[in-house]
Amino acid sequence: MMVTVAGLKGEQLYAARFVGDRGYLVTFRVTDPLYVIDLSNQEQPRIAGELKIEGYSDYLHPVSDTLLLGIGKDAIPDNNSSDEGGRGAWYQGVKLSLFDVSNIASPKELDTLILGKRGTQSDVLYDHHALSFLPAVGNEPARLAIPVQLHDTVPTWELFKAGEPSAR
């Protein structure tokens, strides 16, 4: 039996995580909708909450019962692109977003960190085994390690246009 969630048509799925009776889905067209799916009725899953931010997450990792970490790319919309009828985007540095999912109807981005510029990569974007996570214990905070190939050099050649999205 195939069960669908109304409202998720026409978008590409980038990341999914299922925790208890919730599902977290990230799709991408120009912005990164983080959908919180209520799975308490498995016959009729529904979108309970949604958060739209620029960029996307390739990987979602539960940090606690109320926190979710998204790892992906920052993106700048490109309304002049030929992709998707002008709905393309320029991918930028690796983006880490910490989401508060304590209120299923209203997820929030608590904090974000963008590593590097366009061209920065991380293996965790393609392989979840590249992430090392130690949860908080007692007074010790949670710890996270990911490999990053950092691109942070600004070209100096004459025709380089630093303000263009393709250059950031």
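The values are calculated or read from the model by the stated rules, or taken from the named source; none is laboratory data. This is a predicted model, so every value here is computed, not measured. Glycine gets a Cβ as well: all are built from the backbone with ideal geometry, and neighbour counts include every protein chain shown.
Just a few scattered comments:
- Here PHE133 does not qualify as surrounded by 12 or more Cβ atoms within 10 Å (Cβ to Cβ) and within 13 Å of the chain's Cα centre (by Cα).
- So GLU50, is it at pLDDT 90 or above and over 11 Å from the mean Cα position of the chain (by Cα): yes
- 2 or more residues closer than 17 Å to PHE99 by Cα and of a type in the set (Gly, Ala, Ser): qualifying strands (runs of 3 or more DSSP E) within the stretch 18-58: 46-54
- Pairs, first on the phi > 0 side of the Ramachandran plot in the stretch 34-59, second among the hydrophobic types (A, V, I, L, M, F, W, C) and not in a loop (DSSP other than H, G, I, E, B), C-beta under 6 Å, six or more apart: GLY55/ALA75
- Close pairs from the stretch 4-19: first modelled with pLDDT under 75, partner of a type in the set (Ser, Thr, Tyr) and part of a strand (DSSP E or B), Cβ under 6 Å, at least 6 apart: GLU11/THR27
- For the stretch 102-130, taking the residues that are outside any strand (DSSP E or B) and in contact with a Leu (Cβ under 7 Å, 6 or more places away or on another chain), the one that is surrounded by the most Cβ atoms within 10 Å (Cβ to Cβ) is identified as VAL124.
- Count - residues of the stretch 39-66 that are under 30 Å from GLU140 (Cβ atoms), out of contact with any Ser or Thr (no Cβ under 9 Å at 6 or more places or on another chain) and surrounded by fewer than 16 Cβ atoms within 10 Å (Cβ to Cβ): 1
- Contact map, the stretch 144-168: residues that are of a type in the set (Val, Ile, Thr) paired with residues that are modelled with pLDDT of 80 or more and in a loop (DSSP other than H, G, I, E, B), Cβ distance under 8 Å, separation 6+ or inter-chain. Pairs shown: ILE146/SER122; ILE146/LEU131; VAL148/GLY116; VAL148/THR120; VAL148/SER122; THR153/LYS117; VAL154/LYS117.
- Restricting the stretch 102-156 to residues that are β-branched (Val, Ile, Thr) and farther than 26 Å from LYS52 by Cα leaves a set whose member that is modelled with the highest pLDDT is VAL137.
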